[in-house]
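Some notes on the structure that comes next.
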Amino acid sequence: MQKIFAILFVLFFSIGVFSQPPAATEVISSEANPPAESLVNVVRSPVTIPKFANSPVIDGKLDDEIWKSGAVLKDLIQTNPGDNIPASKPTEVYIGYDEKHFYIAFKCWDEKDKIRASVTQRDAVFGEDNVRIWLDTYDDKRRAYIFGFNPLGIQADGIYTEGRGADFNVDVLFESKGVIEDWGWSVEVKIPFKSLRYTAGEGKFWGFNVARNIDRLNDEFNSWVPLPRGNPGLLNKFGKITGLDEIKTERTLEIIPTLTLKETGKRVSQTKFSNPPIEPDFGFTMKYSLSPNVTLDAAYNPDFADTEADAPVVEANQRFPIFFAEKRPFFLEGVEIFQTPIQAVYTRRIENPDVAVKLSGKIGKNTFGIFGAIDEPLFNPKDKKAFAGVVRLKRDIGDESNIGFLATTYNYPEKHNQVAGFDGRWKINQQSELRAQILGSTSRNFFYNSDTNNSDYKNGNGVGYNYQYSYNARNFGWGFGGDGTSRNFRADMGFTRRTNSMQNFVYGNLSSNPTPKALIIRKSINTSFGVRNDFDGRFQGWGMDVNLNMGLKGNTEVGGGFSIGPEKIYEDEFGPRRNATQAGAFFGAPSREAFQYGGFGYFFKRFNKRVALNSDFNIFKNSFDFDFGGGRRFPRISPAALADPNNSLDPGPGTSLDFGVGLDLKPTDKLNLSAGYSKSRLKREDTNRLAFDSNIFRFRSTYQFSRFVNFRARIDYNTLNNRVFGQYTFGWTPSPGKALYIGYN
């Protein structure tokens with residue numbers, strides 16, 4: 001312990017030194033007194049977008065006369081690594097519209113032989129040179145479309161939600177093309193208004209920004225509007241565009257039929273397989289635009305065979321469920337509407353829908369989403385249907401605040417659950433905000449009782465909450481928050497990692513001003529402290545962590561830190577509680593406590609447009625082996641299990657190691673390769689044996705024959721279960737909603 005406190009003393013002393021003004025070449029300044037060359041106080045006036053008489057040809061060349069009548073934006077501002085200073089390379093942006101389309105073009109001057117661009121798949125353009133557009137089509141500073149393009153016009157698109165970031169799983173129908181010339185490169189873009197949700201008309205504004213990313217110059221980011229540090233948020237800094245008065249409203253109907261031919265074989269003996277006849281499976285998805293800002297989506301027996309499978313993860317020694325992200329396109333439409341601090345809507349609970357319907361949009365200051373589905377769960381011995389529904393309402397208040405309501409229902413034989421509650425965001429001032437949510441649940445289900453070691457079928461009520469206050473200034477920030485869910489809280493349409501647990505925490509961070517030409521461009525230090533207990537007041541642990549992060553010259557990121565704190569576990573969290581009539585879940589003492597400490601680090605380096613390397617590790621002492629065993633290769637190795645494999649659980653501390661490394665290669669502009677390796681192991685201290693040792697090997701390959709035609713191969717191997725998984729897909733995707741996939745799993 002003396003060593004630990006000595007380390008803490010040195011670290012906090014270093015934090016104090018770190019927060020002092022650096023050398024004269026890196027004086028920390030305030031927004032009120034920016035450096036002389038700073039453009040942070042530049043104010044962009046609203047831009048009126050002219051109406052084009054005819055459509056330009058989208059070939060990337062900007063040689064159509066019509067572009068000369070467009071609005072022109074110049075003088076982009078470098079916001080990274082520089083702090084709102086002049087950009088290294090000039091960029092011009094041209095904008096116009098007609099009744100059906102929004103047009104935008106970029107002209108980017110650069111040395112031709114230094115431009116980084118490749119023929120890559122959709123949404124994979126941000127690891128090289130690119131330009132970006134944000135359209136806040138409701139001008140509410142809460143949500144915006146984001147579009148990105150590399151020098152060849154390859155597209156990336158998604159939804160940016162304030163406080164959550166960008167989700168590039170969403171696809172929008174539009175057209176783009178780029179070309180590389182002797183002077184640099186250019187891109188032309190044509191976006192149908194019918195592909196967007198928006199408000200328009202005389203006097204209406206859209207929030208707007210454009211940016212350029214020059215990858216080789218330490219990932220230089222140039223923005224049309226200044227992005228001052230110490231002012232949290234992104235959309236609240238945007239400029240405005242107006243003049244879109246003559247948009248012709250269109251109602252569109254999109255229907256995507258699917259026909260899947262499926263043959264599933266199974267082993268019936270050591271030497272024989274059973275291969276039943278091929279089964280046809282028909283379905284469709286449908287989207288209907290009731291208005292520019294309200295959309296109806298529906299699906300019948302949708303097919304998700306083209307969705308990439310989940311990457312393998314370490315499942316050994318896991319107390320709580322593992323989260324896997326939603327990837328199915330139908331459920332990603334309007335997903336940002338249903339996202340709240342507590343994840344009460346997790347659409348992967350809908351496993352195999354027969355029918356699903358979703359109505360979503362925004363009218364004035366009111367955002368809404370209504371979702372319903374009839375599901376046939378995959379592991380369904382009773383061959384019964386599940387009925388699920390969600391209602392989401394949100395009202396904008398002021399410039400950036402809101403209040404929302406969420407309700408869900410899930411019903412299956414002997415499983416009925418309803419959840420409802422409120423959430424809100426209060427933007428207190430430019431630097432601080434408060435977010436909070438509270439939900440109540442009522443369920444008719446089986447609830448485990450550790451006092452009787454039985455699951456009782458009964459009604460159960462619970463509560464879940466989440467809150468966080470944050471303050472961010474130019475070179476420092478701090479905040480506090482907490483979350484928790486009671487013992488009987490259930491959200492069967494959501495994802496709840498742990499119940500009967502609550503935590504409260506505080507955090508702080510310090511950062512230096514960036515120095516674009518120095519070896520260390522930027523650095524920051526972050527620390528947090530939290531305490532966890534259950535709803536009966538029992539102590540579950542506390543933890544503190546500190547980490548240092550640095551951005552170095554040459555597209556390099558490096559960082560590391562340490563964590564300390566005790567963890568305490570109780571046998572009734574794992575099974576029966578001991579009493580006069582029954583034994584407890586643990587062999588020996590009814591609770592275990594260990595003081596855990598360790599370190600972690602990471603490294604990332606993009607050497608050039610062809611090669612990138614990343615690595616991370618963490619090693620901790622006194623991590624718990626929960627005595628579950630690690631599969632067939634790693635039986636239980638606790639003292640109790642070694643004496644008798646039938647003994648109760650005997651958790652104990654050990655040394656854990658996690659390590660990962662990944663390599664990305666682009667041998668040609670059309671071929672992308674990536675390989676990765678990760679190790680996770682836990683060695684128990686009292687028996688000096690391995691609780692588990694997992695090694696996962698990953699390989700990904702994409703050959704892009706053209707912008708729209710590609711072949712993807714993926715292979716994963718996990719030594720823990722000795723399983724190889726392969727997925728191979730040929731795809732032709734000329735636009736969202738028009739695709740052909742041929743695949744093998």
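The values are calculated or read from the model by the stated rules, or taken from the named source; none is laboratory data. Since the structure is predicted, the reported quantities are computational estimates derived from the model, not experimental observations. Heads up, the Cβs are rebuilt from the backbone with ideal geometry, glycines too, and the neighbour counts pull from every protein chain shown. Keep in mind that these areas ignore ligands, DNA and RNA; they rest on the heavy atoms of the full protein, side chains included. Shrake-Rupley method; radii C 1.70, N 1.55, O 1.52, S 1.80 Å.
Against the numbered list (1) among the acidic types (Asp, Glu); (2) open to solvent by less than 20 Å² (accessible area, probe 1.4 Å); (3) under 30 Å from Ala200 (Cβ atoms), Glu333 comes up short only at (2).
I'm checking my understanding of the structure. Among residues of the stretch 360-408 that are part of a strand (DSSP E or B) and basic (Lys, Arg), which one is most open to solvent (accessible area, probe 1.4 Å)? Even if it seems obvious, please write down each step before you answer.
At the first step, the residues of the stretch 360-408 found to be part of a strand (DSSP E or B) are 360-363, 366-375, 386-397, 401-408.
Still in the list and also basic (Lys, Arg): 362, 392, 394-395.
Working: Lys362: 9, Arg392: 5, Lys394: 51, Arg395: 109 Å².
Here the residue is Arg395.
Checking each residue in the stretch 670-723 for being in a loop (DSSP other than H, G, I, E, B), more than 30 Å from Ser623 (Cα to Cα) and either open to solvent by 70 Å² or more (accessible area, probe 1.4 Å) or modelled with pLDDT of 90 or more (or both) picks out Lys670, Phe705, Phe708. Taking the stretch 435-451 as the range and being touching a residue at least 40 places away in the same chain (Cβ under 8 Å) and more than 33 Å from the chain's Cα centre (by Cα) as the test, the residues that pass are Ser450, Asp451.
Can you tell me which residue in the stretch 69-84 is farthest from Ile520 (Cα to Cα), limited to those that are outside any loop (DSSP other than H, G, I, E, B) and over 30 Å from the mean Cα position of the chain (by Cα)?
Pass one, the stretch 69-84, residues outside any loop (DSSP other than H, G, I, E, B): 69, 71-73, 77-80.
Restricting the remaining residues to those that are over 30 Å from the mean Cα position of the chain (by Cα) gives 69, 71-73.
Details: Ser69: 44, Ala71: 39, Val72: 36, Leu73: 32 Å.
Taking the candidates together, the pick is Ser69.
In the stretch 608-642, how many residues are open to solvent by 40 Å² or more (accessible area, probe 1.4 Å), at pLDDT below 95 and either polar (S, T, N, Q) or in contact with a strand residue (DSSP E or B) (Cβ under 7 Å, 6 or more places away or on another chain) (or both)? Counting residues in the stretch 608-642 that are open to solvent by 40 Å² or more (accessible area, probe 1.4 Å), at pLDDT below 95 and either polar (S, T, N, Q) or in contact with a strand residue (DSSP E or B) (Cβ under 7 Å, 6 or more places away or on another chain) (or both) gives 3.
Just checking, which of Asp303, Asp281, Asp310 is of a type in the set (Asp, Glu) and in a strand (DSSP E or B)? Testing whether each residue is of a type in the set (Asp, Glu) and in a strand (DSSP E or B) leaves just Asp281. Name the residue, out of Asn445, Asn429, Asn380, that is more than 24 Å from Arg348 (Cβ to Cβ) and out of contact with any helix residue (DSSP H, G or I) (no Cβ under 6 Å at 6 or more places or on another chain). None of the other options fit; the residue is Asn429. Selection of first residues in the stretch 630-646 that are closer than 19 Å to Leu720 by Cα and of second residues that are in a loop (DSSP other than H, G, I, E, B) and open to solvent by 80 Å² or more (accessible area, probe 1.4 Å), restricted to Cβ pairs under 7 Å at least 6 apart or on distinct chains, gives the following pairs, ordered by first then second residue: Gly631/Asn721; Arg636/Pro645; Ile637/Arg689. Filtering Arg474, Arg497 for residues that are under 18 Å from Ala344 (Cβ atoms), among the charged types (D, E, K, R) and not in a strand (DSSP E or B) leaves a single hit, Arg497. When the test is whether a residue is in contact with a strand residue (DSSP E or B) (Cβ under 6 Å, 6 or more places away or on another chain) and open to solvent by 10 Å² or more (accessible area, probe 1.4 Å), Phe238 passes it.
With the structure loaded, tell me whether Arg490 is under 25 Å from the mean Cα position of the chain (by Cα), buried (at least 17 other Cβ atoms within 10 Å of the Cβ) and among the basic types (Lys, Arg) or whether it fails that test. Yes: the conditions hold for Arg490. Scanning the stretch 647-669 for residues being open to solvent by less than 40 Å² (accessible area, probe 1.4 Å) and either under 30 Å from Arg116 (Cα atoms) or among the aliphatic types (A, V, I, L, M) (or both) gives a total of 4. Out of curiosity, is Glu92 in a strand (DSSP E or B), out of contact with any Gly (no Cβ under 6 Å at 6 or more places or on another chain), surrounded by fewer than 20 Cβ atoms within 10 Å (Cβ to Cβ) and acidic (Asp, Glu)? Criteria met by Glu92.
So that you can scan it fast, the table gives a plain yes or no per residue for (1) modelled with pLDDT of 95 or more; (2) in a helix (DSSP H, G or I); (3) more than 30 Å from His101 (Cβ to Cβ); (4) open to solvent by less than 20 Å² (accessible area, probe 1.4 Å):
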residue	(1), (2), (3), (4)
Ile15	no, yes, yes, no
Pro21	no, no, yes, no
Asn33	no, no, yes, no
Glu37	no, no, yes, no
Val43	no, no, no, no
Ser55	no, no, no, no
Lys61	no, no, no, no
Trp67	yes, yes, no, yes
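Of everything in the stretch 537-566 that's touching a residue at least 12 places away in the same chain (Cβ under 8 Å) and not in a strand (DSSP E or B), which residue is surrounded by the most Cβ atoms within 10 Å (Cβ to Cβ)? The qualifying residue surrounded by the most Cβ atoms within 10 Å (Cβ to Cβ) is Asn555.
State whether one or more residues within the stretch 137-146 are among the basic types (Lys, Arg) and buried (at least 24 other Cβ atoms within 10 Å of the Cβ). Reasoning before the result, please.
First, pick out the residues of the stretch 137-146 that are among the basic types (Lys, Arg): 141-143.
Now drop any that are not buried (at least 24 other Cβ atoms within 10 Å of the Cβ), which leaves 142.
So far as the stretch 137-146 goes, yes, one or more of its residues are among the basic types (Lys, Arg) and buried (at least 24 other Cβ atoms within 10 Å of the Cβ).
Scanning the stretch 282-304 for residues that are surrounded by 13 or more Cβ atoms within 10 Å (Cβ to Cβ) and farther than 30 Å from Ile247 by Cβ gives Gly283, Tyr300, Asn301, Pro302, Asp303, Phe304. Scanning the stretch 241-273 for residues that are farther than 30 Å from Tyr300 by Cβ, touching a strand residue (DSSP E or B) at 6+ places or on another chain (Cβ under 7 Å) and hydroxyl-bearing (Ser, Thr, Tyr) gives a single hit, Thr242. Restricting attention to the stretch 594-607, the residues being more than 26 Å from Gly676 (Cα to Cα) and surrounded by 16 or more Cβ atoms within 10 Å (Cβ to Cβ) number 3. In the stretch 71-80, is there at least one residue being over 30 Å from Gly230 (Cα atoms) and either in contact with a Cys (Cβ under 9 Å, 6 or more places away or on another chain) or at pLDDT 95 or above (or both)? Scanning the stretch 71-80, I find at least one residue that is over 30 Å from Gly230 (Cα atoms) and either in contact with a Cys (Cβ under 9 Å, 6 or more places away or on another chain) or at pLDDT 95 or above (or both), so the answer is yes. Would you confirm whether or not the stretch 501-518 contains a residue that is over 22 Å from the mean Cα position of the chain (by Cα), among the charged types (D, E, K, R) and either surrounded by fewer than 17 Cβ atoms within 10 Å (Cβ to Cβ) or not in a loop (DSSP other than H, G, I, E, B) (or both)? Checked against the condition, which is being over 22 Å from the mean Cα position of the chain (by Cα), among the charged types (D, E, K, R) and either surrounded by fewer than 17 Cβ atoms within 10 Å (Cβ to Cβ) or not in a loop (DSSP other than H, G, I, E, B) (or both), the stretch 501-518 yields at least one hit. The test for being open to solvent by 30 Å² or more (accessible area, probe 1.4 Å), more than 30 Å from Gly508 (Cα to Cα) and not acidic (Asp, Glu) does not hold for Leu196. In the stretch 214-235, which residues are open to solvent by less than 20 Å² (accessible area, probe 1.4 Å), in a loop (DSSP other than H, G, I, E, B) and either among the small types (Gly, Ala, Ser) or under 13 Å from Thr79 (Cβ atoms) (or both)? Result: Trp224, Val225, Pro226, Gly230.
When the residues of the stretch 409-449 are filtered to those that are among the β-branched types (Val, Ile, Thr) and open to solvent by 30 Å² or more (accessible area, probe 1.4 Å), the one that is farthest from Gly575 (Cα to Cα) is Ile428. A count restricted to the stretch 416-459 and to residues that are more than 30 Å from Asn475 (Cα to Cα), of a type in the set (Ser, Thr, Tyr) and assigned to a strand (DSSP E or B) stands at 6.
Please work out if Tyr703 is more than 25 Å from the chain's Cα centre (by Cα) and more than 26 Å from Leu649 (Cβ to Cβ). Taking the combined requirement at face value, the residue satisfies it.
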